[in-house]
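Asks: Questions regarding the structure given below will be posed in turn.
The values are calculated or read from the model by the stated rules, or taken from the named source; none is laboratory data. Note that this is a predicted model, so its numbers are computed, not measured. Please note: Cβ atoms are built from the backbone with ideal geometry, for glycine as well, and neighbour counts cover all protein chains shown.
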């Protein structure tokens, strides 16, 4: 991005390595990083690499907005997840309570859209983290040595529109199918627990699909996989992973693909244009 040298940018950081990778990309593009982290969610190591950092509890939207404005920040990026079960006990401040009062439900999509609208009203633009870590985008096509079998291709074609439909209802990003039957659907427990549950229910040979929710903003909550996903699939006996190309984040891609190849697991970057086919 041109003109970014020494410009302040906000990083609203959740769990995992993603905030660190995004922060590194921001610095490479010449930004000063002003980070907001959440106790029991964000790694304290981020404090050492941010130009300035504030620690918040979930629901302190007023303090977040004040921190951004006090530091001249008019662009922010969200990176890293907040585990939903941990967020259930959130105590919202006045600004956050106003958002929750105006929305119809507590689904992720509605909360994120309402939060983005509030930031825009305050003159703060929300940017996609993918602009700072483009190498994490999942490429389209077969990424593993092994292509999907005919049975796996059938399961992908069967499951993809269902996964998209569940995503449009804001239920979850992960669906597991086998022999054209839905085995497990992600809810609060997260993708890894969903994959393990599928293995416990029907054994090996499941196809895991992870999608970008229709209507979801690409600024927040991209579907993501990585080494731990493959390790979980090995434990559950799942045979094929399908992630939405360009929209999905693939961490430690080379190591993950090598591990998948060693266990005969197929990995596919599925094109978004195929989401309505069945």
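Asks: Which helices (runs of 4 or more DSSP H) does region 70-141 wholly contain that include 2 or more residues that are modelled with pLDDT of 85 or more?
Replies: Qualifying helices (runs of 4 or more DSSP H): 108-121.
Asks: Still on this model: Return the total of residues in region 107-137 being over 30 Å from residue 95 (Cα atoms) and in contact with a helix residue (DSSP H, G or I) (Cβ under 8 Å, 6 or more places away or on another chain).
Replies: Result for region 107-137: 3.
Asks: Here is a follow-up. Among the numbered conditions (1) over 14 Å from the mean Cα position of the chain (by Cα); (2) in a helix (DSSP H, G or I); (3) crowded, with 18+ Cβ neighbours inside 10 Å, tell me where residue 193 comes up short.
Replies: (3)
Asks: Given (1) in contact with a strand residue (DSSP E or B) (Cβ under 6 Å, 6 or more places away or on another chain); (2) closer than 21 Å to residue 158 by Cβ, identify the lone condition not met by residue 249.
Replies: All conditions are met except number (2).
Asks: Tally up the residues in region 44-56 that are surrounded by fewer than 16 Cβ atoms within 10 Å (Cβ to Cβ), in contact with a helix residue (DSSP H, G or I) (Cβ under 9 Å, 6 or more places away or on another chain) and closer than 12 Å to residue 13 by Cα, please.
Replies: 2
Asks: To continue, here is another question. Can you tell me how many residues within region 29-46 are more than 18 Å from the chain's Cα centre (by Cα) and in contact (Cβ under 8 Å) with a residue 40 or more places away in the chain?
Replies: Total satisfying the criteria: 2.
Asks: Return the residues of region 170-188 that are surrounded by fewer than 24 Cβ atoms within 10 Å (Cβ to Cβ) and touching a residue at least 40 places away in the same chain (Cβ under 8 Å); say none if nothing qualifies.
Replies: 170, 188
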